[in-house]
1. So how tilted is helix B:174-189 from the main axis of chain B? Cα-based, degrees 0 to 90, rounded to 10.
2. With n ≥ 4 as the cut-off for DSSP H runs, can you work out [θ] at 222 nm for the protein assembly as shown, using -39500 (n - 2.57) per run divided by the number of residues, rounded to the nearest 500?
3. What is the Cα radius of gyration of chain B over 2.2 N^0.38 Å, N being its residue count?
4. Taking only Cα atoms, what is the 0 to 90° angle, nearest 10, from helix A:227-242's long axis to the longest principal axis of chain A?
5. Could you calculate the contour length gain from residue B:159 to residue B:350, that is, 0.36 nm times the residue separation minus the distance between their Cα atoms, to one decimal place in nm?
6. Cα axis of helix A:96-118 to longest principal axis of chain A: angle in degrees, 0 to 90, nearest 10?
7. Given the stretch B:251-313 reduced to its alpha-carbon atoms as identical point scatterers, what log10 I(q)/I(0) does the Debye formula return at q = 0.16, 0.25 Å⁻¹?
8. So if we plug the beta-carbon distance of residue B:217 and residue A:135 into 1/(1 + (r/R0)^6) with R0 = 25 Å, what FRET efficiency do we get, rounded to 0.05?
């Protein structure tokens, strides 16, 4: 395999990583952007998606199980999100530090619940055969390179989710309300928008996307009670780098970190690549503390 | 009311008095041992079953009359997957509970944390898990494999099979780093090639770049010292990239394989000193007894069996020494042969590690290993690899 092939392969892996990052981080960005809620239980929504995929694959075995699992996880995690929002977050709405602690508590409860229900050892979610393929390049300068179908599939899902979310926020009536509340909550409320319902909607949407992301992550990684913990740090990193709460920023930040991490791994191992990525983020924030995209929102004013 | 309370109080005093009396009487006929494993946290998956096996051995010994006529009283503590808590609980077991010895530990970090405690308090730890060697203390009985009893036999098997180029991948901590250091020295010494060496943080989930490097360097076999959930990510992503290279794993036993989903790891290799599928009467009896207690499908693994035999060797050593004194016990344990253990005939060498046979197994669809190779007889334990740590040796009991 040639040097160019290795680099091209790593660029592809960078996009693949970025698609995982963006799926894991979108929900966080949404709820922080609108409600300034730092949802520490976000990782457990990813975990929930994985377990819902496991259950769905039991009920719907066969090649299309995974297609069914995606809406199931989206709706299931969205509903759990609704319970969390109504039961806890809404009641602590003007106390950001308390929400942080409360959602951390929820994350611990969710982990223990998964442990009690499914056992401490993980459950088995395997990709269907039609996804366990590769597109291999056999001739030309890129010969020897192969792209796993699963990774292509996840990149496509990430693009679709981003496009759908973008269209929803930019074109739909509810999207208009979300943008209004996001820009100026008090003024939006004064014009008769029910900001409370908008909050609930956006939070559910965020956790729903996390559930969907959990299905994707289950195709490439373990499904265990603590799996959310391994994705929550990169998710926060991407949200902060992107400019708190900006969807475009979150997407660009995912691409930056994904590509950076994949490309430095040509030279160093995974452990050291992580160190370099954190250094990169620190350096970036030194020069651009507001993140990739500066969000102009009254919601973020003091 | 008043009368009633008075009566209750009398009853309570009487009850306390009888309990104290009986426990005092009981104490004369019992001896306390500690069992210290992670019952919570990330290591609980593996360690709870080792605790089960250790407690089962103690129960069996008690049912057969105990040790030197005394019943064994077990004090179980939770190390909580945290080395600091292991050290703290070890201190508690020896100082507060007055146990005569402790069975436990899994990660090298937990062992390293407990070592100074056992040295300071002059007590003895029975450690059941394969490890990286490079350590030698009179206060630890190292029953898990030394590198030359697990890792090097695997290399010997791979060389006999004609594999020429090796890719080393591991989690980023002391065991994989030391294991790979030893492997590299031996691979180079045998004039073969190390195609690559990669480390992923514990719990790491992204293997895209690692797999790209594996594909670019075209090794003939992968030696895998990843630990925990990272294995699931690694095997899933290997399958996704249609990679058919043989993988030899050092931290995947029956339990881990069955938890990961056997379709994922079927056909891959593992090196241990015990497999559940080992064909002997003693092993079948042990597996049946364990599954009768913990469920028909319960997997039995190498560290569990080491924990189990440790208890039996301790008992035999106590009876040989006619004392619970740890200096006498550890000296009596050396050279003592346990002929019909589930893993065959075993004995401790002078350096307080076990002589044991190395096995290579290949995973079948049921999550059991088919034994495809075994070392020629038992291998003498070697805490310090002569190529990596020349001139160092471990002389303890003589």
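Only the coordinates and a few stated rules stand behind these numbers; no lab work does. What you see is a predicted model, and the numbers here were worked out from it, not measured in a lab. Every residue, glycine among them, receives a Cβ derived from its backbone with ideal geometry; neighbour counts consider all protein chains shown.
1. The answer is roughly 40 degrees.
2. Numbers: 24 runs with 389 residues, N = 700.
Mean residue ellipticity at 222 nm (helix-derived): -18500 deg cm²/dmol.
3. Numbers: Rg = 22.9 Å, N = 398, 2.2 N^0.38 = 21.4 Å.
The value comes to 1.07.
4. Once rounded, one gets 70 degrees.
5. Details: separation 191, 0.36 × 191 = 68.76 nm, distance 2.99 nm.
My answer for the length gained is 65.8 nm.
6. 50
7. For the stretch B:251-313 at q = 0.16, 0.25 Å⁻¹, log10 I(q)/I(0) is -0.55, -1.21.
8. On the way: r = 21 Å, r/R0 = 0.85.
Working from the Cβ atoms, E equals 0.70.
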